[in-house]
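The values are calculated or read from the model by the stated rules, or taken from the named source; none is laboratory data. All values reported here derive from a predicted model rather than from experimental measurement. Because the Cβ atoms are built from the backbone with ideal geometry, glycine has one as well, and the counts that use them run over all protein chains shown. Surface accessibility is based on the protein's heavy atoms, side chains included, excluding ligands, DNA and RNA. Shrake-Rupley method; radii C 1.70, N 1.55, O 1.52, S 1.80 Å.
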Amino acid sequence: MARKRKGRDISGWLVVDKPAGITSTAVVNKVRWAFDAKKAGHAGTLDPDATGVLAVALGEATKTVPYITDALKAYTFTVRLGQATNTDDADGEVTATSDTRPTDDEIKAALGQFVGDIMQVPPAFLAVKIDGQRAYKRARDGEDFEIAARPLWVEELLLIDRPDADHVTLEMTCGKGGYVRAIARDLGAALGCFGHVRELRRIWSGPFDVEDGVTLDQIDALAKSPELDAHLRPLEVGLQDLPMVHCPADSVTKLRNGNPALVMGDVEYGDECWACHNGHAIAVGVFKGGELHPSRVFVA
């Protein structure tokens, strides 16, 4: 018999303003401890040195993580011009330098090639597995290997500040799977001067804004208290990019048992949507012939 997981049956989203110097996994573990929650996860990893929005899901809200992961996100980041590093950020070893420094107009002109549907080669120092082994481990061991280019949608990429000749601050809005370090590396290459990320901050992710985030110090101070619970946002926030349909009372049990049931709403055949009853999410599924065919159900 499987061991019963300890902790509270508590569900919802917590927006954390992640500090530098800690992994996303460590933040999730801290949040799970502070809420004494049975289950927790996050919607989109931030590098240890990155700061900003880390959306942490508890309990039933973990079932909505894919919809936040797929949502648009925005970052502000500072690129150090004139230097390439092996990690494409400030933690790495400098591998190439240049005395060339582009003008603001040259930078703005170059940004256009990184907007829209682009193909991006992720940084070598990455947690993804290549032939069964983490890329960063192979990179640290000095192995030669290739990472295939991946598609990325970039909604917007803007120059917002030029503190000095060596640095430029940009703001990017992009879809799932974007690597800011790769943008900095490739922009530096396009400008003929090299570049790497000096600072990185995620300012919003889907419906979650950094201004609404709680700090780790606040989490520590309020741990296992009703005051911390008050910062939790409902799991339904994670579904806001999906259309909603209304679930009558006699359909609730059917849907929660994983069976198709009657729903009402302005959706088309084949649309993915979520069913709501009295303000609470019942299920996510596909609308067919007046019924929702559930793919995810939420426990009351």
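Full-extension gain between ALA165 and ALA149, please, as 0.36 nm times their residue separation minus the C-alpha to C-alpha distance.
Using 0.36 nm per residue and subtracting the Cα-Cα distance, I get 2.7 nm.
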Amide H proximity to HIS293 below 5 Å, modelled H, separation 5+ or other chain, gives VAL286, PHE287, LYS288
Treating only Lys and Arg (+1) and Asp and Glu (-1) as charged, each at its beta carbon, one finds that the chain has a dipole about its Cα centre, in Debye to the nearest 20, of 1640
Computed over the chain: longest principal axis from alpha-carbon atoms vs helix 24-35 long axis, angle to nearest 10 degrees, is 40
For 55-64, 19-28, ranked highest to lowest by mean beta-carbon neighbours within 10 Å, the order is 55-64, 19-28
Where a ≥ b ≥ c are root eigenvalues of the Cα gyration tensor, a/c under 1.5 meaning rounded, otherwise prolate if a/b exceeds b/c and oblate otherwise, segment 184-285 counts as oblate
In the chain, taking the dipole from +1 charges on Lys and Arg beta carbons and -1 charges on Asp and Glu beta carbons about the Cα centre, the listed residue (GLY175, PRO248, VAL214) farthest towards the positive end is PRO248
In vacuo Debye sum over C-alpha of the chain, base-10 log of normalised intensity I(q)/I(0) at q = 0.11 Å⁻¹, listed in q order, is -0.77
Placing each pseudo-label 7 Å from Cα in the direction of the beta carbon, ARG233 and GLU93 end up separated by a distance in nanometres of 4.3
Sorted by chain and number, the residues with a modelled amide H under 5 Å from that of ARG150, at a separation of 5 or more or across chains, are GLN120, VAL121
Within the chain, the percent of DSSP beta bridges that are antiparallel, given to the nearest 5, stands at 90
In whole percent, the fraction of accessible protein surface over the chain that belongs to carbon or sulfur atoms, probe radius 1.4 Å, stands at 48
Contour minus Cα-Cα span, VAL286 to ASP104, at 0.36 nm per residue, comes to 60.7 nm
Measure of exposure for MET244: accessible area at 1.4 Å probe, Å² rounded to 10, is 80
Karplus ³J(HN,Hα) for segment 40-45 (6.51 cos²θ - 1.76 cosθ + 1.60, θ = phi - 60°; Hz, whole; x = Gly/Pro) runs 8, x, 10, 10, x, 5
In nanometres, the difference between 0.36 nm per residue of separation and the alpha-carbon distance of ALA26 and ASN259 is 80.1 nm
Looks like segment 1-69, by Cα gyration tensor root eigenvalues a ≥ b ≥ c and the a/c under 1.5 rounded cutoff (else prolate when a/b is bigger than b/c, oblate otherwise), is prolate
Phi angles of segment 104-121, converted by Karplus (6.51 cos²θ - 1.76 cosθ + 1.60, θ = phi - 60°) into ³J(HN,Hα) in whole Hz with x for Gly and Pro, give 4, 5, 5, 5, 4, 5, 6, 5, x, 6, 10, 10, x, 7, 10, 10, 10, 8
The answer for the chain, accessible area per residue at 1.4 Å probe in Å², is 50
